[in-house]
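Just below is one structure, and these are the notes that go with it.
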Ligand SMILES: Cc1cc2nc3c(=O)[nH]c(=O)nc-3n(C[C@H](O)[C@H](O)[C@H](O)COP(=O)(O)OP(=O)(O)OC[C@H]3O[C@@H](n4cnc5c(N)ncnc54)[C@H](O)[C@@H]3O)c2cc1C
């Protein structure tokens, strides 16, 4: 991935909320990427199952590992369909984690937060969700990475709404390359996002042919990235690589964004 010259690579934190053993793994990966591979990292950090001491430990390890960027998140419940609950002595919202990191580390870390153009399972009101996003930025975060989406028109309208509500920070769209029909459908359902009819039709036609899905998927996702970038107020793309660089490389190539 270093050959693709990313601004940073993300290292997730117990994504899915299922395990707590990731504490060492995430910070170890962050240190290794920074120190052994010279790859700047954005370390995700959630509040799920995390006491203040555990958060202190994670932040110190990130600091010692050469990390300069944290994506501050609340996290999902440890088990699917469970209600999220704060850990004793821990934090209730990502906003509180953002404030804490700023308080403890001043400007050492760039802090990002999550945005949800198509909503969040625990909040139906899109306006309220944008207000909560603004609170995270007002607490000291400086950029937003969004949940994955394929509905570009909806995303661009959402960005306008964020701007109208006074959010001025860079908003980085979350782009999920399509490399397999089954995982495309599964992820869209899991994240409760809308799949535009043209995406659905084009992919359904080739769904039993993996190579064709990759080709059609690359065309569709490249097209959506172009539309986003051409609008002129989005300057970065965040790729959910899922540890696989091939599909992302193809899209970057087609966008003319591969540096030699
Ligand atoms: C780019 C990205 C990366 C992610 N990476 C990870 C990861 O590495 N590990 C992982 O476990 N999960 C990850 N997630 C998932 C994320 O942890 C979940 O979506 C989680 O449910 C919400 O996290 P948040 O930081 O957005 O929470 P918050 O912003 O704290 O919001 C959580 C809920 O509380 C509500 N809320 C916020 N503030 C208030 C308030 N003041 N009053 C009342 N309600 C409020 C919000 O509307 C929302 O419904 C990621 C998500 C994204 C988009």
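The values are calculated or read from the model by the stated rules, or taken from the named source; none is laboratory data. Predicted model, so just to flag it, every value in this text is computed and none were measured. Ideal geometry is used to build each Cβ from the backbone, glycine not excepted, and the neighbour counts take in all protein chains shown.
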task = Give me a count of the residues in the range 214-260 that are assigned to a loop (DSSP other than H, G, I, E, B), touching a residue at least 60 places away in the same chain (Cβ under 8 Å), in contact with a helix residue (DSSP H, G or I) (Cβ under 9 Å, 6 or more places away or on another chain) and more than 17 Å from residue 187 (Cα to Cα).
result = 8
key: Among (1) over 22 Å from residue 192 (Cα atoms); (2) touching a strand residue (DSSP E or B) at 6+ places or on another chain (Cβ under 6 Å), the one test that residue 100 misses   = (2)
task = Scan the range 112-124 residue by residue and report those that are closer than 21 Å to residue 83 by Cα and more than 8 Å from the ligand (Cβ to nearest atom).
result = 118, 119, 124
task = Output the residues belonging to the range 154-194 that are part of a loop (DSSP other than H, G, I, E, B), farther than 20 Å from residue 234 by Cβ and free of Cβ contacts under 8 Å to residues at least 40 places away in the same chain.
result = 180
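Considering each of 185, 167 in turn, give the residue that is under 19 Å from the mean Cα position of the chain (by Cα) and surrounded by 17 or more Cβ atoms within 10 Å (Cβ to Cβ).
None of the other options fit; the residue is 167.
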request  = Give the range 17-47 a look and list any residue that's at negative phi, at pLDDT below 85 and not in a helix (DSSP H, G or I), or say none.
outcome  = 18, 19, 20, 21
key: Residues within the range 87-97 that are out of contact with any helix residue (DSSP H, G or I) (no Cβ under 6 Å at 6 or more places or on another chain), part of a loop (DSSP other than H, G, I, E, B) and under 16 Å from residue 132 (Cβ atoms), tallied   = 2
key: For residue 74: the one exception among (1) assigned to a helix (DSSP H, G or I); (2) within 25 Å of residue 131 (Cα to Cα)   = (1)
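Could you tell me whether the range 125-137 includes any residue that is within 13 Å of the ligand (Cβ to nearest atom), in a loop (DSSP other than H, G, I, E, B), in contact with a helix residue (DSSP H, G or I) (Cβ under 8 Å, 6 or more places away or on another chain) and closer than 30 Å to residue 96 by Cβ?
No: zero hits.
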ask   = Among the numbered criteria (1) out of contact with any helix residue (DSSP H, G or I) (no Cβ under 6 Å at 6 or more places or on another chain); (2) over 22 Å from residue 143 (Cα atoms); (3) part of a loop (DSSP other than H, G, I, E, B), which single criterion is violated by residue 54?
value = (3)
message = As an exercise: evaluate residue 14 against (1) within 13 Å of the ligand (Cβ to nearest atom); (2) modelled with pLDDT of 95 or more; (3) on the phi > 0 side of the Ramachandran plot and give the number of the one condition it does not meet.
response = (2)
ask   = In the range 149-161, how many are surrounded by fewer than 18 Cβ atoms within 10 Å (Cβ to Cβ) and within 13 Å of the ligand (Cβ to nearest atom)?
value = 0
request  = Could you check how many residues of the range 162-174 are under 27 Å from residue 43 (Cα atoms) and more than 11 Å from the ligand (Cβ to nearest atom)?
outcome  = 8
remark   = Scanning the range 59-79 for residues that are within 12 Å of the ligand (Cβ to nearest atom) and free of Cβ contacts under 8 Å to residues at least 60 places away in the same chain, the one surrounded by the most Cβ atoms within 10 Å (Cβ to Cβ) turns out to be 70
key: Within the range 80-93, considering residues that are near the ligand (Cβ under 9 Å from one of its atoms) and under 11 Å from residue 48 (Cβ atoms), the one surrounded by the most Cβ atoms within 10 Å (Cβ to Cβ)   = 91
